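Asker: Got a structure for you, written out below as structure tokens; questions coming shortly.
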Amino acid sequence: MAKLPITIASWDYDRIQGLKDGSVPIEGCDVNYIVTRPEETFFRLFTYQDFDVSEMSFSTYMLARTQGDFPYVALPIPLSRVFAFSGIFVRAGSGIKKPQDLKGKRVGAPNYHLTRGLCIRGTLSDEYGVKPEDMDWHIGGLDVPEFLSYVDHGVPDGIRAQAIPHGATLSQMLVDGEIDAIFTAQTPQCWRDKAPNVERLFPDYRAAELAYYKKTGIFHTMHLVGVRRSLCEQNPWLPRAIMKGFEESRQRIIPHLTEITALTTMLPWITDEAERTMRDMGEDYWPYGIEKNRPTFEAQVRWSHEQKLSKKRWKLEELFHPSTFTWYRDETPNVPDDVAVKKSAGKKKARKTKKK
């Protein structure tokens with residue numbers, strides 16, 4: 001039987017390896033998996049709509065939906081998650097010792113609307129009473145002079161912001177004392193270079209982030225998975241089939257996190273960290289689906305509206321495909337016969353997919 005050809009794009013995460021190498025199928029689909037860095041993926045997605053299924057910035061997705069008829073709908077697959085506390089770097093001597101000290105300070109950011117910034121600002125506002133309008137914003141490239149944006153969006157009214165000088169970088173401006181802090185999704189070069197006057201606002205960010213998670217149930221989601229809306233309309237079974245494929249691929253990697261026979265990463269205590277994480281956050285600490293992620297999704301939707309990025313406060317039912325609200329991970333998608341995957345009594349061969 002014929003299968004539906006789809007192209008999927010994402011970064012090379014451990015949790016997508018089964019989909020990438022073809023050992024995990026998406027039922028009813030012939031998958032071409034493309035691996036690209038998030039920056040390239042998002043540019044191609046939000047500018048040219050290049051892919052059928054794609055990794056997608058959560059904050060930029062809400063902006064794109066606010067601005068018009070964006071041709072993708074989100075699936076509740078948190079493909080990339082990072083807590084906010086680790087992304088705040090400050091200059092020693094700037095007087096910033098606690099979050100409230102950020103008020104009145106000069107804060108650099110690669111762009112105002114990116115998801116990491118959304119989550120940092122939302123967390124600072126909720127937990128410490130530090131509002132975006134309490135700071136002076138300096139927008140520009142982190143380590144190279146550039147302006148990082150995937151949709152056309154200015155800084156909201158009431159926010160004091162300016163572009164950094166031509167040829168300047170936030171990382172060097174922090175070292176030189178021209179700004180006081182950086183909110184960033186990437187590790188700045190000044191930190192990699194161990195600049196003596198650059199430090200994290202939360203030196204023990206793991207402890208701070210764990211305490212925050214236990215208090216709120218929020219595990220910040222940077223990137224979701226988007227699927228072309230027209231494909232969903234033509235193939236109503238597709239979103240749930242994609243959900244099942246991504247879930248199975250995620251499940252396959254979990255045993256490797258605590259396997260001591262042959263470490264999958266060059267971290268000697270990776271198994272200890274995995275065991276600690278599961279003790280602290282529960283074994284299913286990175287779930288897919290709506291309900292287990294509802295506190296996180298609803299907080300980020302609220303922050304986008306509070307920070308005047310989204311013109312409306314979205315309901316989750318408006319952002320995510322409706323069929324995924326009742327999805328459960330062990331279900332078998334109802335794929336029509338004309339695109340059904342052939343079943344055989346013998347052992348199924350792993351399907352090879354095209355890679356770029």
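Asker: For Glu40, are the conditions met, namely being within 21 Å of Arg206 (Cβ to Cβ) and of a type outside the set (Gly, Ala, Ser)? Before the answer, list the steps.
Answerer: Numbers: within 21 Å of Arg206 (Cβ to Cβ): no; of a type outside the set (Gly, Ala, Ser): yes.
Answer is no for this residue.
Asker: Can you find a residue that is more than 14 Å from Ile77 (Cβ to Cβ) and in contact with a Leu (Cβ under 9 Å, 6 or more places away or on another chain) anywhere in segment 281-295?
Answerer: Scanning segment 281-295 turns up at least one residue that is more than 14 Å from Ile77 (Cβ to Cβ) and in contact with a Leu (Cβ under 9 Å, 6 or more places away or on another chain).
Asker: Looking only at segment 5-21, how many residues end up being over 15 Å from the mean Cα position of the chain (by Cα), surrounded by fewer than 23 Cβ atoms within 10 Å (Cβ to Cβ) and not in a strand (DSSP E or B)? Outline the logic, then answer.
Answerer: Taking segment 5-21 as the starting set, the residues that turn out to be over 15 Å from the mean Cα position of the chain (by Cα) are 5-8, 17-21.
Remaining after also requiring surrounded by fewer than 23 Cβ atoms within 10 Å (Cβ to Cβ): 5-7, 17-18, 20-21.
Those left that are additionally not in a strand (DSSP E or B): 17-18, 20-21.
The total comes to 4.
Asker: Determine which member of the set Ile164, Ile159 is hydrophobic (A, V, I, L, M, F, W, C), under 17 Å from Lys105 (Cβ atoms) and buried (at least 18 other Cβ atoms within 10 Å of the Cβ). Spell out how you get there, then give the answer.
Answerer: On the way: Ile159 fails: buried (at least 18 other Cβ atoms within 10 Å of the Cβ).
Matching residue, one of Ile164, Ile159: Ile164.
Asker: Let me ask something else. Inside segment 1-35, can you point out the residues that are in contact with a Pro (Cβ under 7 Å, 6 or more places away or on another chain) and of a type in the set (Phe, Trp, Tyr)?
Answerer: Result: Trp11, single match.
Asker: List every residue pair whose Cβ atoms lie under 9 Å apart, where the two residues are 6 or more positions apart in sequence or sit on different chains, the first residue falls within segment 109-120 and is modelled with pLDDT of 90 or more, and the second residue, located anywhere, is surrounded by fewer than 23 Cβ atoms within 10 Å (Cβ to Cβ) and acidic (Asp, Glu).
Answerer: Close Cβ pairs satisfying both conditions: Pro110/Glu146.
Asker: Just checking: which of the strands (runs of 3 or more DSSP E) contained wholly in segment 73-180 hold 1 or more residues that are aromatic (Phe, Trp, Tyr)?
Answerer: Working: elements: 88-91, 106-109, 136-139, 160-163.
Counting at least 1 such residues, we get 88-91, 136-139.
Asker: With the checklist (1) loosely packed, with under 13 Cβ neighbours inside 10 Å; (2) among the aliphatic types (A, V, I, L, M); (3) assigned to a helix (DSSP H, G or I) in hand, flag the one item Met266 doesn't pass.
Answerer: (3)
Asker: Mind counting the residues in segment 198-235 that are closer than 30 Å to Asp52 by Cβ, surrounded by 15 or more Cβ atoms within 10 Å (Cβ to Cβ) and of a type in the set (Gly, Ala, Ser)? Please lay out each step first, then the result.
Answerer: Taking segment 198-235 and keeping what is closer than 30 Å to Asp52 by Cβ, we get 219-235.
Narrowing the set further to residues that are surrounded by 15 or more Cβ atoms within 10 Å (Cβ to Cβ) leaves 219-228, 231-232, 235.
With the extra rule that they be of a type in the set (Gly, Ala, Ser), the set shrinks to 226.
Going through segment 198-235 one residue at a time, the tally reaches 1.
Asker: Same structure again: Filter segment 39-81 down to residues that are hydroxyl-bearing (Ser, Thr, Tyr) and out of contact with any strand residue (DSSP E or B) (no Cβ under 8 Å at 6 or more places or on another chain) and give me whichever is surrounded by the fewest Cβ atoms within 10 Å (Cβ to Cβ). Outline the logic, then answer.
Answerer: Filtering segment 39-81 down to residues hydroxyl-bearing (Ser, Thr, Tyr) leaves 41, 47-48, 54, 57, 59-61, 66, 72, 80.
Going one step further and asking which of them are out of contact with any strand residue (DSSP E or B) (no Cβ under 8 Å at 6 or more places or on another chain), we end up with 47-48, 59-60, 66.
Details: Thr47: 10, Tyr48: 8, Ser59: 28, Thr60: 24, Thr66: 17.
So, considering only residues that are hydroxyl-bearing (Ser, Thr, Tyr) and out of contact with any strand residue (DSSP E or B) (no Cβ under 8 Å at 6 or more places or on another chain), the one surrounded by the fewest Cβ atoms within 10 Å (Cβ to Cβ) is Tyr48.
Asker: Considering only segment 285-304, state which residues are more than 21 Å from Glu209 (Cα to Cα) and either surrounded by fewer than 16 Cβ atoms within 10 Å (Cβ to Cβ) or basic (Lys, Arg) (or both).
Answerer: Glu291
Asker: I'd like to check something: does segment 124-131 contain any residue that is touching a residue at least 40 places away in the same chain (Cβ under 8 Å), basic (Lys, Arg) and either touching a helix residue (DSSP H, G or I) at 6+ places or on another chain (Cβ under 9 Å) or not assigned by TED's automatic domain parsing to the domain that holds Glu298 (or both)?
Answerer: no
The values are calculated or read from the model by the stated rules, or taken from the named source; none is laboratory data. Computed from a prediction, not measured in an experiment: that's the story for all the values here. Cβ coordinates were reconstructed from backbone atoms using ideal geometry, including for glycine residues, and neighbour counts include every protein chain displayed.
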